[in-house]
Structures are given as C-alpha cells and as structure tokens.
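Asks: First, the structure itself, so that you have it in front of you.
A short reminder: the numbers here are calculations on the coordinates, not readings from a lab. Fair warning: this is a prediction, and the values are worked out from it, not measured in the lab. Note that each Cβ is placed from the backbone with ideal geometry, even for glycine, and that neighbours are counted across all protein chains shown.
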Amino acid sequence: MAAPDTLLSAPPRTVTERWMQQLQDELCRQLALLDGSGEEFERDDWEHATGHGSTRVLQQGDVLEKGGVAFSVFWGALAAETARQLHLPGPTCFLARLHAVQFPRNPWVPIMHLSVQYVEAETGEGWFGGSLDLTPVYVDQAQAQWFHAQLAALCRAHNADYYVRFKSAADNYFYLPHRQTTLGVGGLYFDRLVLGKDGSFAQLFAFVRQLGLTYPRLYNVLVHQNADRPFNTLNKRWQVVRWGHYAEFSLLLDRDTRLGLATGVPLKNTLLGLPPQAEWPSQLRREANPAEAQSQQWLRPSVDWLAPNPEPPEGPMAAS
C-alpha cells in the first residue's frame, strides 16, 4: 500500500477512494493466504452513471465458506430520507465505502466484519464513519476479551475517549430488538467523525486507516486459534441458526444495506453481508449442547470486556 504521506498530498475524497481500493486489494490478498485453499477472490468490477466499484467474493474455501470485500463510490443526489440518515445538509454528496465480512466453515471461528466510509457534502464538509465487530457462533470469553483489548489499544493511540464512545455505540447498533440480543460481542461503531471538528483530516484518516489494517491482523489470530477445532453436525446446525440472526440484521437493521440500495450499488455488493446459508427452526433443543446456551448469555449490551472477570448482565437470557 502507498505510504500515508504520499496519499495525503491529494484532496480528501481522492485520498480515501485511492486508499480504499488499495485496502481492498490488500485484504483480499491476506484473506486468500489465510484461507489457504489456493482460491482467489472472484472480482466483479462495475460502473454506472453515478458511481463505480468492485465486489470481491471467495466461496467454498478451506477456511472461508464465504468471504467478501466490497468497495464502492457514489456521487450525486440522494433521496431525502437517505440524506437525512447521512446527516447531509442537502441531497448531493460524495460517498466512498468499503466493507468486508467473512463466514468461516468451522463454527468455532467467528464472523468478523469491517466497514469504513468517507462522506463529503456539497458544502465541502466531510466526515468518516466505520465499524469493526466480532460475531462468534460460540462465544469464547477469553477471545472476546482479547479482541476488545486490541480495539481499546488501537483507540488509545488516537483518542482517549474513542473506545468507550464507539464500544457503546456498537452495543446499540449491533442489537436485534426482536430477539433482545446483540448480534455478537460488539466492537467499535462510529458514524460521524467530522474533519476539523473532531480532528484534522490527517488525524482522522490515520485512525480509520489503522482500523482497516487491524482487521486482517486480528482475524488471522482468531482463525489460527480456532480453525482446527473439531466440530459435529450439531455445531454446524447451530452455526446456520446463528447465521440466520446475521441475515436478519443485514436485511432488517443494517444501514449499510439500505445505503447500498439507495446509491444504486449492484445487489451482489449490497448483499455481501448475507451468509451462504441460514435456518430458522421452529424449536431448538439447547440441552443437546450447553455451549449454545452459555454463548447466548453473553449476547447482551454493556458487557465490560476489559474487566479481568467480565460477567453477563443480569436479566432474561437472549431469545434464539
């Protein structure tokens, strides 16, 4: 990837677009190596009157049952409701986005999701948004603690308040109200880091850039810790049930999905966050595998993952 100083010599929208394209290439390279099957990400470049982008997908790999990294750029006028959700002062904007999500073959390997975007209003005001979150099928307390400790360290290097603010925002955003459960163990979420108000472009871009580079580093560790763990048909069945929860979030609640549809991004790109398969059984027998019930206890907001011995918040267990 190009050196930061080289990137920063151009206007913000040019810098972010160029960087996201480079990040997409780098993520696909690293994830293909991590998968180890020898398969490459299938590339689908596209262009229309108000934008362009590239959708990359790897399917049926050795580690990844489905992996995806999508990049898109939009410029033009948006519908009033979409402009309001983006906090735009008017309907016209520039928008560059990258999102990545991996659905592993082994149920003990978690799903990890990354999203970064840069928005520039017609007034010239610009801001970053993004998220990095973890969705285990089976919650491993130690691994969740390690994941949050890594995010806290990343945030501290840029702003002392970032972790608490963005962790709380992630708890709220990655929440399924109809199930009274979080999607996973959370992470970071922010939708508006404004250039000038919240820091210079160089400062905010440095944080977002590090977030993008942190994604493959953390996932590499978690894959190597879990990919060789044995699993059975009950584990796989619980995996596709949990994948069903992920599909519910993507289709019902995820702002990125709605934004993709609103900006005319190809459906393949917009629906990248859908798992390769999902089930909604009418009844589950958790007693067949206590690890399923134990995992559900952790899927609640406000877990203090930085505490030496975190505990699930009290209350009814999350519905399946």
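Asks: With angles folded into 0 to 90 degrees, how steeply does helix 233-248 sit against the dominant principal axis of the chain? Use alpha carbons for both and round to 10.
Replies: Its long axis makes an angle of about 30 degrees.
Asks: What is the helix-to-structure angle for 12-35, meaning the angle in degrees between its Cα long axis and the longest Cα principal axis of the chain, kept from 0 to 90 and rounded to the nearest 10?
Replies: In the chain, helix 12-35 runs at an angle near 30 degrees to the longest axis.
Asks: Only Lys, Arg, Asp and Glu count, each charged at its Cβ (+1, +1, -1, -1), so figure out the dipole size of the chain about its Cα centre, rounded to 20 debye.
Replies: Charge dipole of the chain: 320 debye, to the nearest 20.
Asks: Same structure, new question: Over 25 Å between Cα atoms: which of LYS167/LYS197; LYS197/LYS268; LYS66/LYS236 fall into that group?
Replies: LYS197/LYS268
Asks: Per residue Cα convex hull volume for the stretch 4-298, in cubic angstrom?
Replies: Numbers: hull volume 37.8 nm³, N = 295.
In the stretch 4-298, the Cα hull volume divided by residue count equals 128 Å³.
Asks: How far is it, in nm, from the label point at GLN30 to the one at ASN172 when both lie 7 Å from their Cα along the line to the Cβ?
Replies: 3.0
Asks: Taking 51 Å as R0, compute the FRET efficiency from the Cβ-Cβ separation of ASP44 and ALA153 and round it to 0.05.
Replies: Using R0 = 51 Å, I get an efficiency of 0.90.
Asks: Mind checking the dipole of the stretch 1-94: about its Cα centre, +1 per Lys or Arg Cβ, -1 per Asp or Glu Cβ, Debye to the nearest 20?
Replies: Approximately 460 debye in magnitude.
Asks: Are there any trypsin sites (Lys or Arg not before Pro) in the stretch 211-311 that are in a DSSP loop and have at most 15 other Cβ atoms within 10 Å? List them by number. List each step's numbers first, then the result.
Replies: Working: sites: ARG217, LYS236, ARG237, ARG242, ARG255, ARG258, LYS268, ARG285, ARG286; in loops: ARG285.
Within the stretch 211-311, the qualifying trypsin sites (Lys or Arg not before Pro) (loop, at most 15 other Cβ atoms within 10 Å) are ARG285.
Asks: Something else now. Which one of GLY36, GLN297, TYR138 has its Cα pushed farthest toward the positive end of the charge dipole of the chain, where Lys and Arg give +1 and Asp and Glu give -1 at the Cβ?
Replies: GLN297
Asks: Something else: Subtract the Cα-Cα distance of GLN22 and TRP280 from 0.36 nm times their separation in residues, and report this length gain in nm to one decimal.
Replies: Working: separation 258, 0.36 × 258 = 92.88 nm, distance 3.80 nm.
Going from the current span to full extension adds 89.1 nm.
Asks: Round to the nearest 0.05 the FRET efficiency obtained for LEU306 and LEU253 when R0 = 25 Å and r is the Cβ-Cβ distance. Intermediate results must be reported in sequence, preceding the final value.
Replies: On the way: r = 26 Å, r/R0 = 1.05.
Efficiency, from the Cβ-Cβ distance: 0.45.
Asks: Follow-up. Check each of the GluC sites (Glu not before Pro) in the stretch 76-169 and keep only those in coil by DSSP with at most 15 other C-beta atoms within 10 angstrom; list them in order.
Replies: Numbers: sites: GLU81, GLU120, GLU122, GLU125; in loops: GLU122, GLU125.
Here the GluC sites (Glu not before Pro) that fit, given the DSSP loop and packing criteria, are GLU122.
Asks: Here's another thing I want to ask about it. Within 10 Å, count the other beta carbons around each residue, average over each peptide in 35-45, 198-208, and list them highest first. Please report the intermediate quantities before stating the final value.
Replies: Numbers: 35-45: 14.1, 198-208: 17.2.
Listed from highest to lowest mean packing, they are 198-208, 35-45.
Asks: Give me the mean projected area, in nm² to one decimal, of the convex hull enclosing the Cα positions of the stretch 19-158.
Replies: 10.1
Asks: In addition: Positive end of the dipole of the stretch 4-298, charges at C-beta (+1 Lys, Arg; -1 Asp, Glu), about the Cα centre: which of THR123, PRO177, ALA79 has its Cα farthest in that direction?
Replies: Result: PRO177, furthest along the dipole toward the positive end.
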